[in-house]
């Protein structure tokens, strides 16, 4: 079993890299770093290195990669193994998910060498995966990869059975509802957290970024808002966690 310590990178495929970079640079308040693409999970055809860029957050890295598709989507996750490993290994799995494991060295070097590409405005709270088989996800993430299953509950009004895998300082949330049984698993959305949501929403609105009004979150004590623009078409939620909510 591997010893997974964090989500090293969240890979987002986009049809137009330049416009995606501009949108995320405005949202996160930093300058993305263009990369050759080496060391990333394979989301292109074998032997093809697609244009891509990295953006650092406190608890992971967002990788934007140009791909021939109509709408942007989260297409893969690269985990970090806390043991001393080399390169990037693809994770074979029956869920047909694009997963890989790396040592984290390349990301650590990126953080040190390119401070202008590191955002302090937001960090990932959780990444949402829709799946047709909760038990298979437990076998993959908990048993095969060794990621801690922090919570397993069924909440019909929230979409069905929900699994919360906790690693590093973020959560991989799996939703397995009746409507998911007949389709392949896919990454559905991202939630970002910030210490003062109302202040952030005011700032984003001032930049021309559209955000819904702040409202109470499902978890007691939290506040949330839905990002309405600069999302690349990915469902995106902003959260003020319990620890900082009034």
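How far, in nm, would the chain grow between residue 70 and residue 18 when pulled straight, counting 0.36 nm per residue and subtracting the alpha carbon separation?
On the way: separation 52, 0.36 × 52 = 18.72 nm, distance 1.48 nm.
Gain on extension, residue 70 to residue 18, equals 17.2 nm.
Evaluate the distance, in nm, between pseudo-label points positioned 7 Å from the Cα of residue 92 and of residue 58 along their respective Cα→Cβ axes.
3.9
What ranking do 213-221, 10-18 get when scored by the average of other Cβ atoms within 10 Å per residue, highest first?
On the way: 213-221: 11.9, 10-18: 19.8.
Answer by packing, highest mean first, reads 10-18, 213-221.
Sum -39500 (n - 2.57) across every DSSP H segment of at least 4 residues in the chain, then divide by the residue count to get the 222 nm mean residue ellipticity, nearest 500.
Result for the chain: -4000 deg cm²/dmol, rounded to the nearest 500.
Please find the FRET efficiency linking residue 120 to residue 179, where r is the Cβ-Cβ separation and R0 is fixed at 45 Å, and quote it to the nearest 0.05.
0.75
With no solvent and one point on each alpha carbon, what is the Debye value of log10 I(q)/I(0) for region 114-176 at q = 0.12, 0.17, 0.20, 0.24 Å⁻¹?
Each listed q corresponds, in turn, to -0.36, -0.61, -0.76, -0.97.
R0 = 25 Å: FRET efficiency of residue 157 with residue 228, Cβ-based, nearest 0.05?
So the FRET efficiency works out to roughly 0.60.
Using every alpha carbon pair in region 82-144, what percent of pairs falls into each 10 Å bin from 0 up to the bin containing the largest distance?
16, 34, 34, 15, 1
Just to be sure I understand the model, the point goes 7 Å from the Cα along the line to the Cβ. What's the resulting residue 112 to residue 2 distance in nm?
2.3
In nm, to one decimal, how far is the residue 31 label point from the residue 219 one, both placed 7 Å along Cα→Cβ?
With each label point 7 Å from Cα toward Cβ, the separation is 3.5 nm.
Over the Cα atoms of region 123-240, how large are the radius of gyration and the largest Cα-Cα distance (Dmax), in Å?
15.4, 46
So for the chain, what are the equivalent ellipsoid semi-axes in whole Å, largest first, each being the square root of 5 times an eigenvalue of the Cα gyration tensor?
On the way: eigenvalues 126, 115, 61 Å².
Semi-axes, largest first: 25, 24, 18 Å.
Can you tell me the Rg and the Dmax, both Å, for the Cα atoms in region 4-117?
Final numbers for Rg and Dmax: 13.5, 39 Å.
Every number here is computed from the coordinates shown, using simple stated rules; none is lab data. Computed from a predicted structure; not experimentally measured. Virtual Cβ from ideal backbone geometry, glycine too; neighbours counted across all protein chains shown.
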